[in-house]
Amino acid sequence: MAEGVKPRVKAPKSAAAGETVTLKTLISHKMESGQRKKKDGSPIPRSIINRFTCEYNGKSVIDVAMEPSISTNPYFEFKAVVPEAGDFKFTWYDDDGSVYETTKSVKVG
Amino acid sequence: MSFSRRDTLALGAGAVALTALPLRVSAAASADEVINAFTGGADVADGGVELTAPEIAENGNTVPVAVAAEGAAAIIIVATGNPNPNVATFNFGELSGASSASTRIRLAGTQEVAAIAKMADGSFKKASRTVKVTIGGCGG
């Protein structure tokens, strides 16, 4: 499912050096679990995003291994420390090999 | 040695069956196996982990859960009653502000949800909570 996937991220535009900020991410994805069946009884194959990572200036903030039990349109909220101005890089890895990326810049001061 | 078209097809089908087999087995892994795979069989102490989940979830398709454990390097969420009990593993990096995260998960029915934290010193801590689910979230 490479089409119609839209990542949304809520991050502060500016922060004090060393401040802990809260990040909220949402990506539209149906997260087909592989458990559901079609009307004729055949299973619908699994198709999920299996990994999500967040980095700030190349340093890891969080790395999430996701399984089919994560809901449709996976949502994550977590905290990060902002030591200096830079960019948050958010990456989602799909089962089909697609990679969805988005970045958010943060100013310090 | 040369392969006829028929041989090649048979080989391909066999290979597909072989690769599909271990997937089936791992999907049926029990919650205990998932926890053991994470802890490596080490002792898990109760407490020290905060797991926030609703007491009653009307819709099992999207149940908000939050985990927090001070000083944790990684936290795993396990839904003991799901067909695939492993839900998510959070690995906190060096710029993580706090070892906490929240997300939304699927629950197949009323069951116990557990969070196991791997602390920085290598010990393990656990919290669990029973969530009543009105409508299951794994399809039929």
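The values are calculated or read from the model by the stated rules, or taken from the named source; none is laboratory data. Predicted model, so just to flag it, every value in this text is computed and none were measured. Cβ coordinates were reconstructed from backbone atoms using ideal geometry, including for glycine residues, and neighbour counts include every protein chain displayed.
Before moving on, here are some points about what is shown:
- Of all residues in region B:34-56, those that are among the polar types (S, T, N, Q) have Cβ atoms under 7 Å from Cβ atoms of residues that are at pLDDT 90 or above and surrounded by 14 or more Cβ atoms within 10 Å (Cβ to Cβ), 6 or more apart or on another chain, in B:Thr39/B:Ile116; B:Thr39/B:Phe124; B:Thr52/B:Val65; B:Thr52/B:Ala66.
Here's the yes/no breakdown for (1) within 19 Å of B:Ile77 (Cα to Cα); (2) within 9 Å of chain B (Cβ to nearest Cβ); (3) touching a residue at least 60 places away in the same chain (Cβ under 8 Å); (4) in a strand (DSSP E or B):
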residue: A:Arg51; (1), (2), (3), (4): yes, no, no, yes
residue: A:Asp63; (1), (2), (3), (4): yes, yes, no, yes
residue: A:Asn73; (1), (2), (3), (4): yes, yes, no, no
residue: A:Phe78; (1), (2), (3), (4): yes, yes, no, yes
residue: A:Val81; (1), (2), (3), (4): no, yes, yes, yes
residue: A:Asp87; (1), (2), (3), (4): no, no, no, yes
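- Flag for B:Thr62 being under 19 Å from B:Gln111 (Cα atoms) and among the polar types (S, T, N, Q): yes
- The lone criterion from (1) of a type in the set (Gly, Ala, Ser); (2) within 8 Å of another protein chain (Cβ to nearest Cβ); (3) in contact with a Ser or Thr (Cβ under 9 Å, 6 or more places away or on another chain); (4) buried (at least 20 other Cβ atoms within 10 Å of the Cβ) left unmet by B:Ser100 is number (3).
- When the residues of region B:70-95 are filtered to those that are closer than 15 Å to A:Ile62 by Cβ and outside any strand (DSSP E or B), the one that is nearest to the other protein chains (Cβ to nearest Cβ) is B:Gly93.
- If the condition is being of a type outside the set (Gly, Ala, Ser) and not in a strand (DSSP E or B), then region B:96-133 contributes B:Arg106, B:Leu107, B:Thr110, B:Asp121.
- Failed item, numbered, when A:Ile62 is tested on (1) of a type in the set (A, V, I, L, M); (2) farther than 26 Å from A:Asp87 by Cα; (3) out of contact with any Lys or Arg (no Cβ under 7 Å at 6 or more places or on another chain): (2)
- Scanning region B:90-140 for residues that are under 16 Å from the mean Cα position of the chain (by Cα) and small (Gly, Ala, Ser) yields B:Ala101, B:Ser102, B:Ala108, B:Gly109, B:Ala114, B:Ala115, B:Ala117, B:Ala127, B:Ser128, B:Gly137.
- Pick from region A:12-49, criterion buried (at least 16 other Cβ atoms within 10 Å of the Cβ) and over 14 Å from the mean Cα position of the chain (by Cα), ranking: nearest to the other protein chains (Cβ to nearest Cβ): A:Gln35
- Out of B:Glu58, B:Glu50, sole residue that is charged (D, E, K, R) and at pLDDT 90 or above: B:Glu50
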